[in-house]
Amino acid sequence: MSSRHLLLGLAQRYPGLIFLSVALGFSGALFNGISTALIIPVLLSFLGQSISAKGSPPIIQVLLSPFTGTSGGQNILLMAGAIVLLLLLKNVAAYTNALVSGSLKRTMSNDLRERGLRLLLEVDIDFYVKTGIGDIINRLNNEVSRAASAIATLTRTVTVGITALVFVGLLLSLSWQLTIVSTALLTAVALVNQRSIGRSKQFGQELSESSRAYSTSVLDLLSGMRLVRCMANETAEYDRLQTLIRNREQAEFKAQAVSALIDPLSEMTGILALLLIVLLGRTFLVNQVEAFSAVLLTYLFLLFRTLPLIAQLNSARSQLANVSPSIAIANDFLRQDNKPFMKNGSIPFTSLKQGIHFNRVSLTYPGQKKPVLSEVDLYLPKNTTLALVGSSGAGKSTLADLLPRFYDPTEGNILIDGEDLRQLDCKSLRRSMGIVSQDTFLFNASIRDNIAYGCSQTTDSEIMEAAKQANAYEFILQLPQGFETQIGDRGVLLSGGQRQRIAIARALLQNPEILILDEATSALDTVSERLVQEAIDTLSRDRTTLVIAHRLSTVQKADQIAVMDQGRVVELGSHQKLITQKGYYARLCEMQFEHKTALTLEPKQTHLIKISHQFRTLLTSLVGGLGLMLMVS
């Protein structure tokens, strides 16, 4: 889809406003042209010079005909009153047209932004992986607004063009010879300005690129402010952004300089045209001696009023050239044929009756050759827990992302109660799932709003009960405003454990049938981990749960443990079964627990081993200290 299609699509959505703007422009042009043509005869009449319609051009005769048959004084008053009325109507039309054009621009800007927001809510997650958030924000705000202004500029161009045509028609009626000369001169003006218009398009492209770079960098800086402070890199970041700001300002200055050059060029050429026409006027109007002064002055006055219109047309062309890159960017942003969209199923998901089957699932990301998942075959019965363990990059989180259909497998399928996941309605499916991950996202809002997010019909008592079950109620009450406390961007005013418990409370309030826990305790301290784990145990009770864990101590009670390596399931079984196999899972346990035997011994034996270890550690420290004292002495 080309940029032209975007403009045509917008024009077809709002034909009424566009037609009204053009009609007002045409009316204003007529009132403007007629009043301009009458001004010179009225001024000459005030000066005592009689105006004879005989020998005058037909247009003068037509304009003066309504005022013939009256006395001189009344004639002048009638003509003056007509001019005032026409100018009043012209200005009313211009004022109304300005309001309509402004409304048209705002409406189209809102339309494009709403379409952009709808697209962002429907496009696949993969789009956000490949596109920077700063770039998206710049497109949704700056580029879309500039693209919408192109329609308003086009409408204004049409209005000015109609006005110019009316004036040109009047000029042709007065003297076609002088008009040919004027047209040639005005064509020369357009040719002179053509290079400036080309440069304006180039600078408009530079402005769009610099705006995108600046928006992206500012968002990255704000998101990574803690890292910037930790690395004491404020000066370098300031210098980098200062360069981007100045590059943007320079591009904007170049575009403005080129646009501002058009009016002086048009004015200089217009003065030369007026001087040349005065010299040629006596030759071309020699047969209209009686009305020579009135005709020539009227022609020059009309031409003088026409020249600014030509300058406005050239300026509008320059503005269109300047925003044309934004039209292309907005068009590319709003296109759907070049973005990934997931086809939604038609079967609403009601409840899980049997279980979830990952049926020989494989996944390869677009543009990559190596698969992330290879023939994963797992079954998760209802109300049981399946834990995924393995080293980083084994494919655990990717497999979990397939369940809420953030991605679709390239081979195989996922069956829920025997129904292909792709046949189910995404919204009803995702509403039945609760997801708690290591990187918990919280909105810059109150704790109440974050817990109740997605549950608009919830009550205060339900929110409090969810907070209590998530071990979050006590710390919430200790905050300055309790549940109404604003927690900052991404919940920065809370600790990691507190953020996790807020997320668990949100999931509890949602009451999901299927639960996905993605390393929810891996980045927490011991105390926070205990509190969060207790909340997770409450959340997981009587639910179908898929757990991704880095700390193996949190998954020992799982009904099944799937050990993954390089996108494949290499072991499957309970904790005790996998330990006895002495395979990959047992080696992982050895790396996390100090004594492998402690995993299989009885609790009393384990306690004795811990006491023995503590005694040996104390004895070693004592011997080392004595040795150090002997060396010093």
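Can you tell which of Ala98, Ala94, Ala152, Ala147 is aliphatic (A, V, I, L, M) and within 21 Å of Ala213 (Cβ to Cβ)?
Testing whether each residue is aliphatic (A, V, I, L, M) and within 21 Å of Ala213 (Cβ to Cβ) leaves just Ala147.
Take Val181 and tell me if it is more than 17 Å from Leu17 (Cα to Cα) and touching a residue at least 24 places away in the same chain (Cβ under 8 Å).
For Val181, the condition - more than 17 Å from Leu17 (Cα to Cα) and touching a residue at least 24 places away in the same chain (Cβ under 8 Å) - is met.
Scan (1) of a type in the set (A, V, I, L, M); (2) at pLDDT 80 or above; (3) buried (at least 23 other Cβ atoms within 10 Å of the Cβ) for the single condition Leu172 breaks and write down its number.
All conditions are met except number (3).
Check Asp332, Asp377 and return the single one that is modelled with pLDDT of 75 or more and not in a strand (DSSP E or B).
Asp332
Testing Gln368 on (1) free of Cβ contacts under 8 Å to residues at least 40 places away in the same chain; (2) part of a strand (DSSP E or B); (3) farther than 20 Å from Ile548 by Cβ, one condition comes back false. Which one is that?
Of the numbered conditions (1) free of Cβ contacts under 8 Å to residues at least 40 places away in the same chain; (2) part of a strand (DSSP E or B); (3) farther than 20 Å from Ile548 by Cβ, the odd one out for Gln368 is (2).
Sort through Thr153, Thr131, Thr159 and tell me the only one that's among the hydroxyl-bearing types (Ser, Thr, Tyr) and closer than 16 Å to Asp332 by Cα.
Thr131 is the lone residue from the list that is among the hydroxyl-bearing types (Ser, Thr, Tyr) and closer than 16 Å to Asp332 by Cα.
Hey, can you tell me all the residues within the range 360-381 that are surrounded by fewer than 17 Cβ atoms within 10 Å (Cβ to Cβ) and farther than 19 Å from Ser432 by Cα?
Arg360, Ser362, Thr364, Tyr365, Pro366, Gly367, Gln368, Lys369, Lys370, Glu375, Asp377, listed by residue number.
Among the helices (runs of 4 or more DSSP H) contained in the range 423-523, which hold 3 or more residues that are under 30 Å from Lys396 (Cα atoms)?
Of the helices (runs of 4 or more DSSP H) lying wholly inside the range 423-523, those with at least 3 residues that are under 30 Å from Lys396 (Cα atoms) span 426-431, 460-469, 496-510.
Could you list all residues from the range 13-42 that are of a type in the set (Phe, Trp, Tyr) and touching a residue at least 24 places away in the same chain (Cβ under 8 Å)?
Answer for the range 13-42, where residues must be of a type in the set (Phe, Trp, Tyr) and touching a residue at least 24 places away in the same chain (Cβ under 8 Å): Tyr14, Phe26, Phe31.
Tell me, yes or no, whether the range 99-122 has at least one residue that is on the phi < 0 side of the Ramachandran plot and in contact with a strand residue (DSSP E or B) (Cβ under 7 Å, 6 or more places away or on another chain).
For the range 99-122, residues on the phi < 0 side of the Ramachandran plot and in contact with a strand residue (DSSP E or B) (Cβ under 7 Å, 6 or more places away or on another chain): present.
Does the range 413-427 contain any residue that is among the basic types (Lys, Arg), under 33 Å from the mean Cα position of the chain (by Cα), at pLDDT 85 or above and exposed (fewer than 15 other Cβ atoms within 10 Å of the Cβ)?
yes
The values are calculated or read from the model by the stated rules, or taken from the named source; none is laboratory data. For clarity, every value in this text was computed on a predicted model and none was experimentally measured. In this analysis, Cβ positions are derived from the backbone assuming ideal geometry, glycine residues included, and neighbour counts consider all displayed protein chains.
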